[in-house]
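The values are calculated or read from the model by the stated rules, or taken from the named source; none is laboratory data. The structure presented is a predicted model; accordingly, all values stated were derived computationally and were not measured. Here the Cβ positions follow ideal geometry from the backbone for every residue, glycine too, while neighbour counts run over all protein chains shown.
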Amino acid sequence: MDERDAAVVAKAREGDREAFRALVDRHSRYVFSLAHRMTGNAQDAEDVVQEAWLKAHKQLSRFEARADFRTWLHRITVNCSIDLIRGRRHREDAHDPADLEQGPLSERGAEAQPTPERMAASTQISDRVNEALGLLTALERAAFTLRHVEGMSIEEVGEKLGMKTSATKHSIFRAVKKMRNALEPFVQA
Amino acid sequence: MGGRGTMTQHLSEEELILHYYGETDRADQPRLDTHLAECGACQAANEQLRRVLTLVETAAPVEARPGFERDVWARLEPQLGGNTGSAWARFFWFPQWALAGGVAALVLVAFMAGRFSGGVPAGVAPDGGAVADASPDRVLHAAVGDHLDRSQVMLTELVNNDVDQADAFAGEQERASDLVAINRLIRQSAAQSGDAGVADVLEDLERVLLEIANAPADVTSNELSDLKARITAQDLLFRVRVIASEMRNRTRTDREAGDRLPQRPPIS
């Protein structure tokens, strides 16, 4: 573990509020970026950050001192993101099972489409990729991120998201196709 | 899925995706490998897919807005449960209370008066002695000024001098620990009275003080350099100086205003 973290985590485990605050200061931006990658929008990412820190605080006594704090926090954040996505999925299923397949979680509608103007204005690869990710539905994004970035197997992704393996596979296929359509112009040989 | 069987049938996109992730069914693997080795079109499609997916990995993460950590803590702290007691309880419990001595007492008196600017007379002077006509403004402004001066000295030594030695850094850590609790009280007082400019500087100062106080005893010179660079990058010393100077001006104004007031008769 990062030496600075080790000392601060040790203090935080003893109930030192300021030490815990130092951890929050040090890692919140990382947690936010991770949560944003999973959820696809800032508001959900902020909710995940709060939940992740609450869980971390509650479970700090169980944290293995030799482990890496950020890796531990990363796992908590991914799980909190999944909880949020699954919870929303169940709630939205009650209204319309296809809801989550209709567009990005909080950027649905024409605004989310990368218009030629927006594409032309954006010169940064990161912007292009994030725009492309913005085209995925919540489930596609979660499945793709867990497979592509977190390196989980498709079967594990399905378990995490409460989906059958075949449905998970198709979510990932759709996600990759969308990414490919959006980004292929920028990787032409 | 298409592409099964003969060499003339190209691999489907789904097959290429599973291949990329190493999730092709074991039974299908030899057929895929053979086809990819021999089919230029599928090799090109495979390469194109690999480039797209690699591009995704190179994207910089979305960054949180400036000051995000502060907001996180503000929302989080009330939900954390009381394993460290109230701010007041913690303040009184701190061993540095004794070390902070007069300054903390002054802040406390002024804080109890409930105002960061304007107020009724209290009875403690900046040197810790009782003075009947010192206003809480004057007391508080002097106390804040004193605290900022002490913080300035510590940060200046840290940034400009060689404190890479463990002993020297341990000394700075002790001073930073002393300053944290007082800083928090002043910051809260400033925030409650709507003095956002002072509260912001004190918030940044507190973060740096905490970082110094919580650093491991065997902090490396690289980590120290990082810390110094952050202090410099934030212009923290300059901003602390500005606020300290403003507090001195306020103290001077308070004193002049106090001198113009008629002497109150002693309370009998």
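A quick yes/no check of all residues on (1) charged (D, E, K, R); (2) closer than 16 Å to A:Ala7 by Cα; (3) modelled with pLDDT under 85:
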| residue | (1), (2), (3) |
| --- | --- |
| B:Val180 | no, no, yes |
| B:Val198 | no, no, yes |
| B:Glu206 | yes, no, no |
| B:Glu211 | yes, yes, yes |
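Here are some residues: B:Leu155, B:Leu202. Which one is over 23 Å from A:Ser28 (Cβ atoms), modelled with pLDDT of 75 or more and either of a type in the set (Lys, Arg) or assigned to a helix (DSSP H, G or I) (or both)?
B:Leu155
Can you find even one residue in segment A:39-58 that is free of Cβ contacts under 8 Å to residues at least 12 places away in the same chain and farther than 19 Å from B:Gly67 by Cβ?
Checking segment A:39-58: at least one residue is free of Cβ contacts under 8 Å to residues at least 12 places away in the same chain and farther than 19 Å from B:Gly67 by Cβ.
Please enumerate the residues belonging to segment B:18-41 that are closer than 20 Å to A:Ile172 by Cβ and β-branched (Val, Ile, Thr).
If the condition is that a residue be closer than 20 Å to A:Ile172 by Cβ and β-branched (Val, Ile, Thr), then B:Thr24 is the only one that fits.
What pairs come out if I take residues in segment B:11-28 that are within 11 Å of chain A (Cβ to nearest Cβ) and pair them with residues that are part of a loop (DSSP other than H, G, I, E, B) and of a type in the set (Ser, Thr, Tyr) whose C-beta lies under 8 Å away, six or more apart or interchain?
Between residues of segment B:11-28 that are within 11 Å of chain A (Cβ to nearest Cβ) and residues that are part of a loop (DSSP other than H, G, I, E, B) and of a type in the set (Ser, Thr, Tyr), the close pairs are B:Glu15/B:Thr24; B:Leu18/B:Thr24; B:Glu23/A:Ser153.
Those residues that are closer than 20 Å to A:Ala35 by Cα and more than 7 Å from every other protein chain (Cβ to nearest Cβ), I need them from segment B:41-65; list them, please.
Within segment B:41-65, B:Glu57, B:Arg65 qualify.
Considering only residues that are without any contact (Cβ under 8 Å) to a residue 60 or more places away in the chain and either surrounded by 13 or more Cβ atoms within 10 Å (Cβ to Cβ) or more than 27 Å from B:Ala199 (Cα to Cα) (or both), which ones fall in segment B:216-225?
Hits for segment B:216-225 are B:Pro216, B:Ala217, B:Asp218, B:Val219, B:Thr220, B:Ser221, B:Asn222, B:Glu223.
Quick one: would you say A:Ala132 is over 13 Å from the mean Cα position of the chain (by Cα), within 11 Å of chain B (Cβ to nearest Cβ), assigned to a helix (DSSP H, G or I) and among the hydrophobic types (A, V, I, L, M, F, W, C)?
Considered against the rule, which asks whether it is over 13 Å from the mean Cα position of the chain (by Cα), within 11 Å of chain B (Cβ to nearest Cβ), assigned to a helix (DSSP H, G or I) and among the hydrophobic types (A, V, I, L, M, F, W, C), A:Ala132 comes out as yes.
Go through (1) more than 14 Å from the chain's Cα centre (by Cα); (2) within 12 Å of chain A (Cβ to nearest Cβ); (3) small (Gly, Ala, Ser) for B:Ala229 and report which single condition fails.
For B:Ala229, the failing item is (2).
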